[in-house]
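To keep things clear, I will list the structure first and then write my remarks on it.
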Amino acid sequence: MSRRVRVAVVAGGRSSEHEISLASARSVLEALDPERYETTTIAIGRDGRWELEGPSNSLLQGVAETLPVLADSKPAEALGAVDVVIPVLHGPFGEDGTVQGLLELAGIPYVGAGVAASALCMDKDLFKAVLRDRGIPVARNVTLRLGDEIGNPFGYPVFVKPARLGSSVGISKAHDEAELETAVALARRHDEKVLVEEFVAGTEVECGVLGNVRPAPLASVVGEIVPHAEWYDYAAKYDAGGSDIIVPARIPDETADRVQALAVDSFIATECEGMARVDFFVREGGEVVVNEINTIPGFTSTSVYARLFEASGIPYGELLDRLIQLALERHERRSRLQY
């Protein structure tokens, strides 16, 4: 019998999405087949310190509390002993290429997008620029940097977003000039770069993508997001009863096909690999507009990404198996390059 694949699940992190990451990691650990995988858990505290949970099925109980400083290099040693890492980290300092860069330097295979794709997709300003260059439709915006005057050429309402944050943290919907100033001030608490983005009226839909460069990545069925609020904010995303997801989305088949095609096009244009969830708006006339890509989407068994692939015939456990295999395949492929 061949030995089990040694998997390290890295969770927590410094961002405001810390608790969401822990919930995702618990689901991942529960779903990994113990006959196939030997698991190690590494938890990153809100202060950035790393703690080794050890080879167990300890579902990160208690790691949301303050973590002690480690006086030795146990997390680094643990990473060096595994076959593959699953970074279940959301937002800055985890989904933005930082942890991916560490794993690249260490030569450790890992699940999900690489350094450049992770950083690009985290930055809404740069992400939109790349997609516009490839002819992929995105919502119009203006970008405010430090010292820039607040401008809004779109009329109201508009959305104001920190350029490099997730889960709708720091995002506001502004209905007038006073609200716009307040929204920009809030966004600037989270990022030095802020987007003022046109409001796109229509249906919000999401599509999962799974795969590497070749063969062509696979798009999931399309899901429709129905927030129980004015817009899909943090509470709508994570509070019980905050929103519903309807699978498949209540859009015409040809529109769903367009969403799936643009999801794969966006995935390829940004050089993502492994997984991503692509979020869209569908205008009343049927025009499809890309909103953003999440390179490490929420990953509980009931999260949107998992539910979309469940509806596509790939259950949660198999989805994890495929992601691990994709990570190992990419590492093997890239190991043949000469530098």
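The values are calculated or read from the model by the stated rules, or taken from the named source; none is laboratory data. Quantities reported herein were computed from a predicted structural model and do not represent experimental measurements. Here the Cβ positions follow ideal geometry from the backbone for every residue, glycine too, while neighbour counts run over all protein chains shown. SASA here: full protein model, heavy atoms, side chains in, ligands and nucleic acids out. Shrake-Rupley method; radii C 1.70, N 1.55, O 1.52, S 1.80 Å.
Once you have the alpha carbon radius of gyration of the stretch 72-129, what is it after dividing by 2.2 N^0.38 Å, with N set to its residue count? Working shown, then result.
Values: Rg = 12.5 Å, N = 58, 2.2 N^0.38 = 10.3 Å.
This ratio for the stretch 72-129 stands at 1.21.
Counting DSSP beta bridges in the chain, what percent are antiparallel, to the nearest 5? Mind dumping the intermediate values first?
Details: 42 of 57 bridges.
Antiparallel bridges make up about 75 percent of those DSSP assigns within the chain.
Sorted by accessible area (1.4 Å probe), largest first, how do F280, F93, F159 line up? Show your work: numbers first, answer last.
Working: F280 0, F93 95, F159 25 Å².
So the residues, ranked largest to smallest area, are F93, F159, F280.
Taking only protein heavy atoms into account and a 1.4 Å probe, give the accessible area per residue of the chain in Å². Walk me through the numbers before you get to the answer.
Values: 15170 Å² over 339 residues.
Here the residues of the chain average 45 Å² of exposed surface.
Once the whole set of protein chains is in place, how much accessible area is left on R145, using a 1.4 Å probe, in Å² to the nearest 10?
110
How tilted is helix 18-31 with respect to the longest principal axis of the chain? Cα atoms for both, answer in degrees (0 to 90, nearest 10).
50
How tilted is helix 253-269 with respect to the longest principal axis of the chain? Cα atoms for both, answer in degrees (0 to 90, nearest 10).
The angle comes out at about 60 degrees.
First compute the accessible area of the stretch 192-339 with a 1.4 Å probe, then give the percent of it belonging to carbon and sulfur atoms. Each step should come with its number before you reach the end.
Numbers: 3210 of 6630 Å².
Of all accessible area on the stretch 192-339, carbon and sulfur atoms account for 48 percent.
Accessible area of L102, 1.4 Å probe, to the nearest 10 Å²?
In the full protein context, L102 sits at about 80 Å².
Taking the chain as the reference, fit the longest principal axis to its C-alpha atoms, fit the long axis of helix 316-335 to the helix C-alpha atoms, and give the angle between the two in degrees, 0 to 90, nearest 10.
It is inclined by approximately 80 degrees.
Quick one: go through the stretch 243-266 and flag any residue whose amide nitrogen is under 17 Å from the point 7 Å out along the Cα-to-Cβ line of A216.
254-266
Using only alpha carbons, build the gyration tensor for the chain and give me the equivalent ellipsoid semi-axes, biggest first, whole Å. Spell out each step's value before the answer.
Values: eigenvalues 213, 107, 72 Å².
Those come to 33, 23, 19 Å.
Might you work out the accessible area of H190 for me, using a 1.4 Å probe with all protein chains in place, and round it to the nearest 10 Å²?
Solvent-accessible area, nearest 10 Å²: 80 Å².
Give me the distance in nm between label points sitting 7 Å out from Cα along the Cα-to-Cβ direction at Y339 and R140, one decimal.
4.3
Sort out the exposed loop GluC sites (Glu not before Pro) in the chain (DSSP loop, at most 13 other Cβ within 10 Å) and tell me the longest stretch that has none. If you can, show how the numbers build up before the last one.
Values: sites that count: E35, E65, E149, E192, E230, E284, E287.
By the stated rule (loop sites, at most 13 other Cβ atoms within 10 Å), 66-148.
What aspartates and glutamates does K124 reach when the alpha-carbon gap must be under 16 Å and sequence neighbours fewer than 8 apart in one chain are set aside?
Straight-line reach from K124, under 16 Å: E95, D96, D133, D191, E192, E197, E198, E271, D279, E292.
For E204, what charge total do you get from the other residues with a beta carbon under 9 Å from its beta carbon, if Lys and Arg give +1 and Asp and Glu give -1? Please list the in-between numbers first.
Values: positive: none; negative: E206, E224, D279.
Its environment carries a net charge of -3.
Report the far tail of the P(r) of the stretch 105-196, meaning the percent of Cα-Cα pairs longer than 16 Å.
The answer is 58 percent, as a whole percent.
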